[in-house]
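Just so it is clear, none of the values below were taken in a lab; they were calculated from the coordinates. Everything quoted here is computed from the prediction, not taken from an experiment. Heads up, the Cβs are rebuilt from the backbone with ideal geometry, glycines too, and the neighbour counts pull from every protein chain shown.
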Amino acid sequence: MRICPSCGEDNPERARFCLNCASPLPAGAAAGRQERKFAAALFADLVGSTSLAEREDPEVVQAVVRRAFDRLSEEVERYGGLLEKFMGDAILAVFGVPTAHEDDPERAVRAAIEMQAVMGELNRGFAAEGRPQLQMRIGVEAGEVLVDLERAGGPRDRMLTGDAVNVAARLQTAAEPWQVVVGPAVYAATKNVIDYRELDPLAVKGKDQPIPAWQALRVKARRRGERPSLGLEARLVGRDEELGLLKQTFHRVEAEGRPALVTVLGAAGVGKSRLAYELLNYLESLSTLAYWRKGRCLAYGNVSYSALADAVKAQCEILEDDAPEVAADKARKAAELLFGDEAIAPQIGALVGAGESATQFSREELFDAWRRFLERMAARLPFVLVLEDLHWADSGLLDFVDHLADWAQGPLLVLTLARPELLELRPGWGGGKRNYSAIYL
Ligand SMILES: Nc1ncnc2c1ncn2[C@@H]1O[C@H](COP(=O)(O)OP(=O)(O)OP(=O)(O)O)[C@@H](O)[C@H]1O
Ligand SMILES: [Mg+2]
């Protein structure tokens, strides 16, 4: 069985091009020194680039695709993946060759999620240059693969075969644009670290059993002390209008690429957190990806900016019990990942309480660096920053939210939840901002 990564056609083993759509097929069992390995295969395909080439200047499309491939290859390599030579518009990468790591499936899924984020960032650049934009589908599955060792050391074309490669190709054809879809082996190996949504199993010609499939949503925020998620709640009653407003605002922010500040106001227990949670549910039901980062202000022992720090820690994957050196290192890596250099790493370190002390910077320097960090995230994917219980915020955080709403660029929705006491603390909250709205519950 050799499944075509473009159209899903089931081709005979010896086929090198698809019998249905003539796309080149992944490698066959070539001669040469081969080795069996447990590895994760990632299959990514650009959607509709052929029809794009019909509408647009083929050279422009070529240039765009080449730039995308270069950036996407960097992501694969950063997570320790090895690229097989490209076939047409597809990328096949393998994690676990030549050296296996115990977390190869996790690396593959993280790389896939990051590749979609990078694609979003690239598209913003293409749009600004008036160039066509691209969409990508990704499938990931793990299992035994056959590696042609000679080819792996050389030009790396047609070096990989195995059921995992076929299944990854099939999962990819079933994915919607922007989705990352994984198979059962990857799901089992990563369900503790990645949040998934279960999909309908996929029928495959030539196989008796359909393949179970899951959509990867995000890397789990691994923090202790978070209030239990509102998972097992009674059905939402009412709130259509308020939820509608939030959805609309999100889509406006996304379409216009400009920030908005929304404050949900209401007494304790009236349903503010629930409303935010329903927005998250809605975003997860969309096929597009978005960043969702959340932090809470505490009733007592609230450290300055701690809600913002929570959200940024989640982005840096800093855990609550990470030692300061570890946290500082993660903050530096995350800053470097977003910026390509470490210029603002000290200010980010200061925010998350790692390394630098905040007192060595002026407030302007801190706000500027923090805002730029959030803007870089929004440049990748539309970004919802949720700050809960803002009535307990320190005045520094309130000033920063103000600063963000006034100065940030890009698709950033700052969603703040507060009891009405906030308005006693800041009577003019949100006043005079064109991009501000309040929702009273
Ligand atoms: N519209 C609704 N339909 C069904 N259940 C709801 C609704 N709104 C809120 N609830 C439930 O009521 C409880 C309290 O809501 P929630 O935690 O959202 O309140 P809150 O406004 O965030 O309160 P606090 O100010 O204490 O943070 C939760 O269990 C929530 O699921
Ligand atoms: Mg709440």
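Its residues counted as N, region 240-440 yields a C-alpha radius of gyration over 2.2 N^0.38 Å of 0.98. Equivalent ellipsoid of the chain: semi-axes from √(5λ) of the C-alpha gyration tensor, largest first, are 42, 23, 21 Å.
Only Cα pairs under 8 Å and 6+ residues apart enter the sum, and on that basis the relative contact order of region 244-381 stands at 15 percent. Between 0 and 90 degrees, the angle of helix 163-174 with respect to the longest Cα principal axis of the chain falls at about 60 degrees.
Between the helical axis of 324-339 and the longest alpha-carbon principal axis of the chain there is an angle of about 70 degrees. Sparsely packed loop sites in region 236-328 (the chymotrypsin sites (Phe, Trp or Tyr not before Pro) outside DSSP H, G, I, E and B with at most 10 other Cβ atoms within 10 Å) comprise Tyr300. Taking the C-alpha atoms only, the angle from helix 363-380 to the longest principal axis of the chain is near 40 degrees. The trypsin sites (Lys or Arg not before Pro) of region 333-441 that meet both conditions, a loop assignment by DSSP and at most 16 other Cβ atoms within 10 Å of the site Cβ, are Lys433, Arg434.
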